[in-house]
Amino acid sequence: MRKHSIIVICLLFSLSTQAQYQPSQANLQTRQWFDSARFGLFIHWGASSVLGAGEWVMNNRNIRVEEYKRLMHFFNPTQFDARKWVQTAKEAGMRYITFITRHHDSFSNWDTKQSDWKITNTVYGKDVLKELSIACKEQGIKLVLYYSLVDWFRTDYPYETGRTGKGTGRTQKSNYEAYLSFMKSQLTELLTGYGEIAGIWFDGHWDQLDNDNDKTQQSKINWKYEEIYELIHRLQPQAMVGNNHHLSPLPGEDFQMFEKDLPGENKGGLSGQAISKLPLETCETINNSWGFNITDRTYKSTKEIIQLLVKAAGYGTNLLLNVGPMPNGEIQPEFVTRLKEVGDWLQKNGSTIYGTKAGNIKPQDWGTMTEKDNQVYVHIFKKTANRIFFQLPYNIESAFLTRNKMPISFDRLKDGYWSLDISTADDTLPDDIIVLNIKR
């Protein structure tokens, strides 16, 4: 009886500690920065890049662990240049980079002491994360680290109850306590050996659920997030925690993410969760692949990317746009060209994106709105009519097109509604922007 009482008390203490998470002042400052950054670069890259079929190739082709390990002999990114990667992000107008440190295939992109399955044991032999962290600091780009909770390689991960990695040849009984210790040790390395980290981006919770649709499901294992999150917040109090679990945020998390979807739209079927008041982020690909896929030619146009970025800002959300560098370490030119063109657009129009908050109405067929200080920015993608109608809780004093300063007519209607003439907007442009000067 005494033993059971102690267990209950410990459980209640753990739940109470988790529920009472109070972010540090440094963490709140990072959240504030993050909520104004609006644009970041996601980088999926590792040993899987060698096969040119995306980062899920080990799972998709049921490659056994012993076979997959042979990639160590082929992964030799001699053209990797951390400064060039960071410069590409900076010229695109991005404010941070989220880098894959360890994906589901368990390959570690740094000199971890916890596993031999790492980049410093390849023929390349260098710690790319070290170089990337230095380059980010030099160029004023913040660094977020992606870390997979799922593992298709290790035997201690609870693969028996997971949905993926079934064909990689594991037979030994799993041991989550050992796997948890491994993850904590790796996270400690990442948070103590690579300078200031802006956040940790977790992925893989969904592996222990039957599907991604039923948001009431309970995970088949206790991930012990309270222990993992506490470790991160203790080692680097400013670092935010996010988890791509496709659920509403859990205690200890500092931002909410949406995979290949904008908040509330759920067009991809993964993001039906409620929207929190935490900073928001949506991640998306330039083609249809995360990791390098040599046959994926479905590239989004520069116009599509700009409109996605603007629409995300209209929801008050960051866009984390992905590239999957080639196995030699270069970012393929189709990505670089588009990123540079987006950066050129942001050079002229970034003030309507950075530091803004969501408009008073959610994005519409014609476009969207963002706002900052005493201005509302009306982003026109498509003229569905010559006038648009919307509600604003403040007075409009003047309106003009940003590209030529041409005045735009507007009318005040009843109940806070306004009518705005968009007949002179040019919807052949990615985004024609009208500025509303307002009085609150």
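Okay, helix-only estimate at 222 nm for the chain: each DSSP H run of n ≥ 4 adds -39500 (n - 2.57), divide by all residues, round to 500 deg cm²/dmol; what do you get? Please list the in-between numbers first.
Working: 10 runs with 119 residues, N = 440.
That comes out to -8500 deg cm²/dmol.
Would you please state which residues of the stretch 418-440 a label at Asp344 would reach in this model, taking the label point 7 Å out along Cα→Cβ and a backbone N cut-off of under 13 Å?
Correct set: 430.
Dipole of the stretch 209-262 (Lys/Arg Cβ +1, Asp/Glu Cβ -1, origin at the Cα centre): which of His245, Gln256, Trp223 lies farthest to the positive side?
Trp223
In degrees from 0 to 90, rounded to the nearest 10, what is the angle of the helix 2-19 Cα long axis to the longest principal axis of the chain?
Roughly 30 degrees, rounded to the nearest 10.
Roughly how many Å is it from the Cα centre of the stretch 24-97 to that of the stretch 251-273, as a whole number?
The distance from the Cα centre of the stretch 24-97 to that of the stretch 251-273 comes to 20 Å.
For the stretch 199-216 and the stretch 331-366, what is the centre-to-centre distance using only Cα atoms, to the nearest Å?
Taking the Cα centre of the stretch 331-366 as reference, the centre of the stretch 199-216 is 29 Å away.
Gain in length, Leu270 to Gln22, computed as 0.36 nm per residue apart minus the alpha-carbon separation, to one decimal in nm?
In short, 86.4 nm is gained.
Regarding the stretch 388-440, what whole-number volume in Å³ per residue does the convex hull of its Cα atoms give?
79 Å³
Just to verify a number: FRET efficiency for Arg163 and Arg387, C-beta to C-beta distance, R0 = 51 Å, to 0.05?
Efficiency at R0 = 51 Å is approximately 0.55.
Show me, bin by bin at 5 Å from 0, the whole-percent P(r) of the stretch 331-440 based on Cα pairs.
Once binned at 5 Å, the Cα pair distances of the stretch 331-440 give 2, 11, 22, 24, 19, 10, 5, 3, 2, 1, 0.
Roughly speaking, what is the centre-to-centre gap between the stretch 285-315 and the stretch 389-440 when only Cα atoms are used, to the nearest Å?
29 Å
In terms of the ratio Rg/(2.2 N^0.38 Å) built on C-alpha atoms, what value belongs to the stretch 279-318? Each step should come with its number before you reach the end.
Numbers: Rg = 11.7 Å, N = 40, 2.2 N^0.38 = 8.9 Å.
The stretch 279-318 yields a ratio of 1.31.
Angle check, please: helix 128-139 long axis (alpha carbons) against the longest principal axis of the chain (alpha carbons), in degrees 0 to 90, nearest 10.
Long axis of 128-139 versus the principal axis of the chain: about 30 degrees.
In whole percent, what relative contact order does the chain give with Cα contacts below 8 Å and a gap of six or more residues? Could you put the intermediate results ahead of the total?
Details: 922 pairs, mean separation 72.1, N = 440.
About 16 percent, as a whole number.
Obtain the radius of gyration and the Kirkwood radius of the chain from its C-alpha atoms and give Rg over Rh.
For the chain, the value is 1.00.
In the chain, what % of DSSP beta bridges are antiparallel (nearest 5)?
45 percent
Report the FRET efficiency, 1/(1 + (r/R0)^6), for Asn328 and Thr171, where r is their Cβ-Cβ distance and R0 is 35 Å, rounded to 0.05.
About 0.50, to the nearest 0.05.
Give the carbon-plus-sulfur fraction of the accessible surface of the chain in %, rounded to a whole number; probe 1.4 Å, heavy atoms of protein chains only.
Percent of accessible area from carbon and sulfur atoms in the chain: 50.
Step through the table entries Lys277/Lys303; Lys90/Lys260; Lys137/Lys348; Lys90/Lys166; Lys260/Lys382, compare each Cα-Cα distance with 32 Å, and write down the pairs that go over it.
Lys90/Lys166
Give me the extension gain from Lys277 to Asp210: residue separation times 0.36 nm, minus the current Cα-Cα distance, reported in nm with one decimal.
Gain on stretching Lys277 to Asp210: 21.3 nm.
Please compute the per residue accessible area over the chain with all protein chains in place, 1.4 Å probe, rounded to a whole number of Å².
Roughly 43 Å² per residue, with all protein chains present.
Measuring from the lowest to the highest alpha carbon on each principal axis, how far does the stretch 36-165 reach, largest first, in angstroms?
42, 32, 28 Å, listed from the longest principal axis down.
Determine the shape class of the stretch 152-278: with a ≥ b ≥ c the square roots of the Cα gyration tensor eigenvalues, call it rounded for a/c under 1.5, and otherwise prolate if a/b is greater than b/c, oblate otherwise.
Numbers: a/c = 2.01, a/b = 1.04, b/c = 1.93.
Here the stretch 152-278 falls in the oblate category.
Could you sort Lys405, Lys357, Lys383 by accessible area so the largest value comes first, with the probe set to 1.4 Å?
Putting Lys405, Lys357, Lys383 in descending order of accessible area: Lys405, Lys357, Lys383.
The values are calculated or read from the model by the stated rules, or taken from the named source; none is laboratory data. As the structure is a prediction and not an experimental result, all values here were calculated from the model. Note: ideal-geometry Cβ built from the backbone for every residue, glycine included; neighbour counts use all protein chains shown. Accessible surface areas use protein heavy atoms only, side chains included; no ligands, DNA or RNA. Shrake-Rupley method; radii C 1.70, N 1.55, O 1.52, S 1.80 Å.
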